[in-house]
Amino acid sequence: MSEFRPSITMQVNGKIVTVIVPPMKRLLDVLREDLQLTGAKEGCGEGECGSCSVRMDGELVNSCLIPVLQADGAEIQTVEGLATNGVLHPLQECFLACGGAQCGICTPGMLMAAAQLIARNPHPTMAEIREGLAGNLCRCTGFLRIFESVLAAATQIQDSEADKANHAR
Amino acid sequence: MRGNCEAHELIAPGSLRGVLELLAAEPGVWTPIAGGTEIMVAYAAGRLNLAKLVSLWGISELRFIRVTADSVAIGAGATFIDLRRHAEFCESWPLLAKAASWIGSIANQSRATLGGNLVNGSPAADSSPALLVYDAEIEMISVRGSRRIPYREFHTGYKRNLLALDELVYALHMPRRFSRHKQYIRKVGTRRAMAISKVAVAGTALMDDGIVSEIRLGAASLAAFPTRLRKTEQVVIGRPITRELVAAAQEALLAEAAPIDDIRSTAEYRRRVGANLVTEFLMELARKDAKP
């Protein structure tokens, strides 16, 4: 039995938070139970389905496989941190527009995997999108629409950046 | 039965020295956890029988890739994403780069470490066949010092290895002398992503005037731990690739492989597909060698 309750400080969606919890508590449970961020879902609980995907220090991770002690000092981004000031992220816009969400359980994880992909690779091919999202399972079998949503968002982001560049000129 | 976070202790000394001193002070009491992609799965299912864990995550002394003119040293804490992003490493040791891309998904590759893959010691470990055919050496470290042995001697049985209770894997070393070798790797699994292999084979070989002058074959899931296919290699070495030789190699592999039936496949399937993979490599060698 462990009495040890470390104080864990993380930056979650840009906000510094501190929790005092058992060190083996999973990051997923800390997000959902202690920080009331219920976007990340528990699907399989063993790193196979991706529904608990969040970004940690700029990498995609399964939050169900992370003891929270290992997230001490980390920057975490969850699906709640994608929209800024009430404006949806282009990925969220495109998931809506392209029918990329059905029941919605996999959606937060899909969005975070897609956000990770686009952050590293702003011009992904369909094959790269498939690889980037290969660890995220959709039981509604909406994979094609999900891939199309990501492709549309990547294009939209490129176009808006091209616009900005033109204005700057 | 779910994991109970109150039932396990987890501490993070934050430095290599700190971890090694803890392991030395209480040998066998503390189990290292790196990216947690194995241990946390057992934990979530309520079948983690380890009361005390010590975290290796974030220890920068273990997370490095150092490429030199004649070798590479990979820290045990390097993740598979780290390997895939290192262009010079990927170019010079393509079989291990390919194996890194097989590990689970991006979210697994960002956490799973090379050291963890080897210490976990699954017979199906994705990184092992490539390490075996690149003549990798494994370096282990403790407060007593460090030692380096051929990786092929590291595994001693199903999930058993040569690590002492106070030791960690520190690094893997591979020589850079395979640029002239023909190289091969293939994993057979249920699907391309997220699949644990049914069987995997890697190979490096040198052809000299139509003769196989050097060959190494490494396999996953053909025995209780990842192994070189020594008897099959012996049949092939020093001979030209003919139909008879391929048949003899298949026969040697069928005799030396000792796979099992489990949820992912059957022993018979693994033996047959293992023989097919070795055949594919030999045919590639014959074909490539025929080219001017």
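Exactly one of (1) more than 9 Å from every other protein chain (Cβ to nearest Cβ); (2) in contact with a helix residue (DSSP H, G or I) (Cβ under 8 Å, 6 or more places away or on another chain); (3) farther than 15 Å from B:Val143 by Cα; (4) surrounded by fewer than 19 Cβ atoms within 10 Å (Cβ to Cβ) is unmet by B:Ser15. Its number?
Failed condition: (3).
Residues that are at pLDDT 95 or above, buried (at least 23 other Cβ atoms within 10 Å of the Cβ) and closer than 15 Å to A:Leu65 by Cα: does the stretch B:94-101 have at least one?
Checked the stretch B:94-101: no residue is at pLDDT 95 or above, buried (at least 23 other Cβ atoms within 10 Å of the Cβ) and closer than 15 Å to A:Leu65 by Cα.
Might you check whether a residue that is touching a residue at least 40 places away in the same chain (Cβ under 8 Å), closer than 18 Å to B:Gly116 by Cβ and away from chain A (no Cβ under 12 Å) occurs anywhere in the stretch B:43-56?
no
All but one of (1) free of Cβ contacts under 8 Å to residues at least 12 places away in the same chain; (2) in contact with a Leu (Cβ under 6 Å, 6 or more places away or on another chain) hold for B:Asp261; which doesn't?
Among (1) free of Cβ contacts under 8 Å to residues at least 12 places away in the same chain; (2) in contact with a Leu (Cβ under 6 Å, 6 or more places away or on another chain), the lone unmet condition for B:Asp261 is (2).
Go over the candidates B:Arg152, B:Arg177 one by one and state the one that is of a type outside the set (S, T, N, Q) and at pLDDT below 95. Spell out the reasoning first.
Values: B:Arg152 fails: at pLDDT below 95.
So the residue among B:Arg152, B:Arg177 that is of a type outside the set (S, T, N, Q) and at pLDDT below 95 is B:Arg177.
Which strands (runs of 3 or more DSSP E) sit wholly inside the stretch B:1-110 and have at least 3 residues that are over 19 Å from B:Tyr170 (Cα atoms)? I'd like the intermediate steps shown before the answer.
Details: elements: B:9-11, B:31-33, B:52-55, B:65-67, B:71-75.
Qualifying strands (runs of 3 or more DSSP E): B:9-11.
Mind counting the residues in the stretch A:76-87 that are in a loop (DSSP other than H, G, I, E, B) and of a type in the set (S, T, N, Q)? Please lay out each step first, then the result.
Our first condition is that a residue be in a loop (DSSP other than H, G, I, E, B); within the stretch A:76-87, this holds for A:78, A:82-83, A:85-86.
Filter once more, so that each one left must be of a type in the set (S, T, N, Q): A:78, A:85.
The qualifying residues number 2.
Return a yes/no flag: does the stretch A:51-70 have any residue that is outside the structural domain of A:Ala154 (by TED's automatic domain parsing), under 12 Å from the mean Cα position of the chain (by Cα) and over 22 Å from B:Trp57 (Cα atoms).
Checked the stretch A:51-70: at least one residue is outside the structural domain of A:Ala154 (by TED's automatic domain parsing), under 12 Å from the mean Cα position of the chain (by Cα) and over 22 Å from B:Trp57 (Cα atoms).
Which is more than 29 Å from B:Tyr43 (Cα to Cα), small (Gly, Ala, Ser) and more than 13 Å from the chain's Cα centre (by Cα), of A:Gly104, A:Gly100, A:Gly73, A:Gly45?
A:Gly100 is the lone residue from the list that is more than 29 Å from B:Tyr43 (Cα to Cα), small (Gly, Ala, Ser) and more than 13 Å from the chain's Cα centre (by Cα).
Please go through the stretch B:44-64 and pick out each residue that is crowded, with 18+ Cβ neighbours inside 10 Å and either farther than 20 Å from B:Pro13 by Cβ or touching a Phe, Trp or Tyr at 6+ places or on another chain (Cβ under 8 Å) (or both).
Of everything in the stretch B:44-64, those that are crowded, with 18+ Cβ neighbours inside 10 Å and either farther than 20 Å from B:Pro13 by Cβ or touching a Phe, Trp or Tyr at 6+ places or on another chain (Cβ under 8 Å) (or both) turn out to be B:Ala44, B:Leu48, B:Leu53, B:Val54, B:Leu62.
State which residue is nearest to the other protein chains (Cβ to nearest Cβ) when the search covers only the stretch A:1-32 and only residues that are out of contact with any strand residue (DSSP E or B) (no Cβ under 9 Å at 6 or more places or on another chain) and either among the small types (Gly, Ala, Ser) or surrounded by 14 or more Cβ atoms within 10 Å (Cβ to Cβ) (or both).
For the stretch A:1-32, the residue satisfying everything is A:Asp29.
Please go through the stretch A:58-73 and pick out each residue that is farther than 13 Å from A:Thr18 by Cβ and not polar (S, T, N, Q).
If the condition is that a residue be farther than 13 Å from A:Thr18 by Cβ and not polar (S, T, N, Q), then A:Gly58, A:Glu59, A:Leu60, A:Val61, A:Cys64, A:Leu65, A:Ile66, A:Pro67, A:Leu69 are the ones that fit.
Just the residues that are more than 18 Å from A:Asp57 (Cα to Cα) and either within 14 Å of chain A (Cβ to nearest Cβ) or of a type in the set (Ser, Thr, Tyr) (or both), please, taken from the stretch B:88-116. So that I can check it myself, show each step before the final result.
Narrowing the stretch B:88-116 to residues more than 18 Å from A:Asp57 (Cα to Cα): B:88-104, B:114-116.
Those that are more than 18 Å from A:Asp57 (Cα to Cα) and either within 14 Å of chain A (Cβ to nearest Cβ) or of a type in the set (Ser, Thr, Tyr) (or both): B:Ser92, B:Lys98, B:Ala100, B:Ser101, B:Trp102, B:Ile103, B:Gly104, B:Gly116.
Of all the helices (runs of 4 or more DSSP H) wholly in the stretch B:201-292, which have at least 3 residues that are of a type in the set (A, V, I, L, M) and within 17 Å of B:Val188 (Cβ to Cβ)?
In the stretch B:201-292, the matching helices (runs of 4 or more DSSP H) lie at B:267-290.
Quick check on the stretch A:49-93: of everything there that is among the hydroxyl-bearing types (Ser, Thr, Tyr) and crowded, with 17+ Cβ neighbours inside 10 Å, which residue is farthest from A:Asn13 (Cα to Cα)? Break it down into steps so the answer makes sense when it comes.
Residues of the stretch A:49-93 among the hydroxyl-bearing types (Ser, Thr, Tyr): A:51, A:53, A:63, A:78, A:84.
Next, only the ones that are crowded, with 17+ Cβ neighbours inside 10 Å stay: A:51, A:53, A:63, A:78.
On the way: A:Ser51: 18, A:Ser53: 14, A:Ser63: 15, A:Thr78: 7 Å.
Looking at the filtered set, the residue picked out is A:Ser51.
Scan the stretch B:213-231 and report the pairs whose first residue is in the same structural domain as B:Glu251 (by TED's automatic domain parsing) and whose second residue is among the aromatic types (Phe, Trp, Tyr), with Cβ atoms within less than 6 Å and a gap of 6+ or a chain change.
B:Ala224/B:Tyr158
The values are calculated or read from the model by the stated rules, or taken from the named source; none is laboratory data. Only a predicted model underlies this, so the values are computations on that prediction, with no experimental measurement involved. Using ideal geometry, Cβ is built from the backbone for each residue, glycine included, and neighbour counts are taken over all protein chains shown.
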